[in-house]
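Worksheet for the structure shown next.
The values are calculated or read from the model by the stated rules, or taken from the named source; none is laboratory data. Everything quoted here is computed from the prediction, not taken from an experiment. Cβ placement follows ideal geometry from the backbone for every residue including glycine, while neighbour counts extend to all protein chains displayed.
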């Protein structure tokens, strides 16, 4: 399981280093990496400049839907929920 886990983290890091934004929702849904903040901390320790901002849940949901089928519960207030989005400053 360790090799698979390392591969997923590597894929997530490569995605971020390509300049793509990432939220916790996307990290879990697209890469199977449950602790995005841990990977962000590791990148910062390596010297990468990581920016962040709050974005609506809907924005992250739309990005996830480009790659997979994902439907939140009907009663989830997706317009009121905000997630932290991270990206590498290049």
Open item on the list: Report every pair of residues separated by at least 6 positions or lying on different chains whose Cβ atoms are under 8 Å apart, first residue within region 22-39 and on the phi > 0 side of the Ramachandran plot, second surrounded by fewer than 19 Cβ atoms within 10 Å (Cβ to Cβ) and part of a helix (DSSP H, G or I).
Closed with: 32/8
Open item on the list: Taking the criterion of being surrounded by 12 or more Cβ atoms within 10 Å (Cβ to Cβ) and farther than 19 Å from residue 19 by Cα, would at least one residue in region 66-75 satisfy it?
Closed with: yes
Task: Residue pairs meeting the criteria (Cβ under 6 Å; at least 6 apart or on separate chains; first at positive phi and modelled with pLDDT under 90, in region 55-77; second surrounded by 10 or more Cβ atoms within 10 Å (Cβ to Cβ) and part of a loop (DSSP other than H, G, I, E, B)) - done: none
